[in-house]
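Written out below as structure tokens is the structure these notes cover.
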Amino acid sequence: MTSITDKPISAIVYSHYHLDHIGGTDTLIELNNKKYPSKAKRGLRIIASKQVNDNIKQYADFSNNGSINPKVPVPTETFSKRMKTINFGNQKLVLNTLKGAGHTKDNTLILLPKERVLHFVDMINPDQLPFYNFAGAEHFPRGYIRDLNYLISDKFCAKWDFINGGHGNIGTKTDIYKLLDYIHDLTLATKEVLNSTNYPTIKADGNHFIWFKRWQNTITKSVKERLRNKYSHMYGFDAGVVESHAAMVLNELIDH
């Protein structure tokens, strides 16, 4: 921060309750207060949606006397509506919890209208394949795809030029289209392999858990090879992420 400004941090906005994104808040506040003692006396604004605040309480630790010990500082300001606009001097942020809830129900899209920049954590990592299991997406594929389509919809796409997904490079709308193409290709390949792969029932294995795992592994490995020509150049291709994605699509196909 000191390489960008000599001003203290006055407010923090939580994107969602995953500790890899907000777990260092205590340390950040401590460093801020140490460098700017006067700010410590006035306090720091911490802004989050009601869903984020609820999750902070739900996943808090409990002491022996029954008191709640949240793992991160609790918000000082919460909003319950789907959209909230916040002003910091001449800087405006528009916070929006999308209906698809593709990553998590509390994931908050943050738009800087003046700069035309989006911060939408864990939904996309430009120049990379998605992390294992689509970064733990709770509503894949329907909610996940719905959120991505919203970003490039006629209603919203004219409001932004650049996107930060929290774990990779800065991207553009082109990266959204590429990710949707990947999901389409992944789904098509998984359907094709599913329809041509026998389910191996080998009595000597002793239980059907082994049958299913062998069947799943056969399918996901085959899906990966079908995608190799188009996607092998992408970061993470041979790290097992494609197999994890194919397993999610497979489970969706056989469950629904």
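The values are calculated or read from the model by the stated rules, or taken from the named source; none is laboratory data. These figures come from a predicted structure and were not determined experimentally. Note that we place each Cβ from the backbone using ideal geometry, even for glycine, and neighbour counts take in every protein chain shown.
Here are some notes:
- Candidates L151, L44: the one that is over 18 Å from G23 (Cα atoms) and of a type outside the set (V, I, T) is L151.
- The set of residues in the stretch 69-117 being polar (S, T, N, Q) and either closer than 14 Å to A11 by Cβ or touching a Leu at 6+ places or on another chain (Cβ under 9 Å) (or both) consists of T76, T78, T85, N87, Q91, N96, T97, N107, T108.
- Enumeration of residues in the stretch 138-167 that are within 19 Å of L186 (Cβ to Cβ) and in contact (Cβ under 8 Å) with a residue 60 or more places away in the chain: F140, P141
- Qualifying positions in the stretch 166-196 - modelled with pLDDT under 95 and surrounded by 15 or more Cβ atoms within 10 Å (Cβ to Cβ): G166, H167, G168
- Filter result (outside any helix (DSSP H, G or I) and hydroxyl-bearing (S, T, Y)) within the stretch 170-216: T172, S196, T197, Y199, T201
- Strands (runs of 3 or more DSSP E) (entirely within the stretch 13-98) containing at least 2 residues that are in contact with a strand residue (DSSP E or B) (Cβ under 7 Å, 6 or more places away or on another chain) and surrounded by fewer than 16 Cβ atoms within 10 Å (Cβ to Cβ): 83-88, 91-96
- The listed residue being touching a residue at least 24 places away in the same chain (Cβ under 8 Å) and among the polar types (S, T, N, Q), out of N55, N33, N69: N55
- Among residues of the stretch 120-164, those that are buried (at least 18 other Cβ atoms within 10 Å of the Cβ), over 9 Å from the mean Cα position of the chain (by Cα), assigned to a loop (DSSP other than H, G, I, E, B) and aliphatic (A, V, I, L, M), counted: 1
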